[in-house]
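Remarks on the structure that follows.
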Amino acid sequence: MAPSVDSTLDHKDDVESNVTVVAYGPDGELSHNIEDYYRFDPKVERRVVRKLDTRLMPLIFCLYVFNAIDRSNLGIAKTDGRETDLHFRENDYSIMPSVFYIPFCTLTIPAIALSKKIGAKVALPLYMFTFGGMCMINATVKNFAGCLVVRLLIGAAEAGFAVTIIWYLTTFYTRGELGKRVAVFYSASAFAGGFSGLIAYGVFQPNIRLHGWQLLFLVEGAATVFFSILAILLDEWERAS
């Protein structure tokens, strides 16, 4: 039996194309494998990468800033007396950061599987809206048990967020380009630390019925929910323009 041949040839203005020739024998084994690749015009490629950097990365950076803010506000709330207001025991507050990582670590793989199924355009706003809403609920808890439950739910909601963003970036950037973009993405957490402190300074000042830490959770959670709408602007690479 003659081997079956799968060949493709594509001509584009800005692309240098090589012919793919892949032949399979009657037993299904690969009998010939001639390397197939497209080598894009470097000028065109740089233009595309620059466009991605100016349109995609600022939005990704902004989304992760609010994720990092919601993750770090627990310690800032403590400085306003949350521990005393909710009558925590000596070691109660130190337990909550650890509780966060139980669902965060165990649900990461299921979360990225869900993201691939429904797409980043749906998954990222969903995750962000959920942990932003949970952050707002943090302002209403009355005891340590309530804090633990909310912290567990925030960990579950955030489990797929960062990994989904990284997976999303891999659909736009090559392996060589990805490292710098991931570094920029993670640098948002450092920016968030200073930004969260400024927010805390502002919300701790008003003398109103709410505690300062309650107002902190409400403001930061509401901002996260609002910015989750921006995540809808993300598009899959097949439809990106």
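Derivation of every value follows stated rules applied to the coordinates shown; laboratory data play no part. This one's a predicted model, so the numbers in the text were calculated from it and none came from an experiment. Note: ideal-geometry Cβ built from the backbone for every residue, glycine included; neighbour counts use all protein chains shown.
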task = Go through (1) part of a helix (DSSP H, G or I); (2) more than 13 Å from the chain's Cα centre (by Cα) one by one and return the number of the condition HIS87 breaks.
result = (1)
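Output the residues belonging to region 152-190 that are charged (D, E, K, R) and without any contact (Cβ under 8 Å) to a residue 60 or more places away in the chain. Lay out the reasoning, then the answer.
Restricting attention to region 152-190, the residues satisfying the condition of being charged (D, E, K, R) are 158, 175, 177, 180-181.
If the condition is that a residue be charged (D, E, K, R) and without any contact (Cβ under 8 Å) to a residue 60 or more places away in the chain, then ARG175, LYS180 are the ones that fit.
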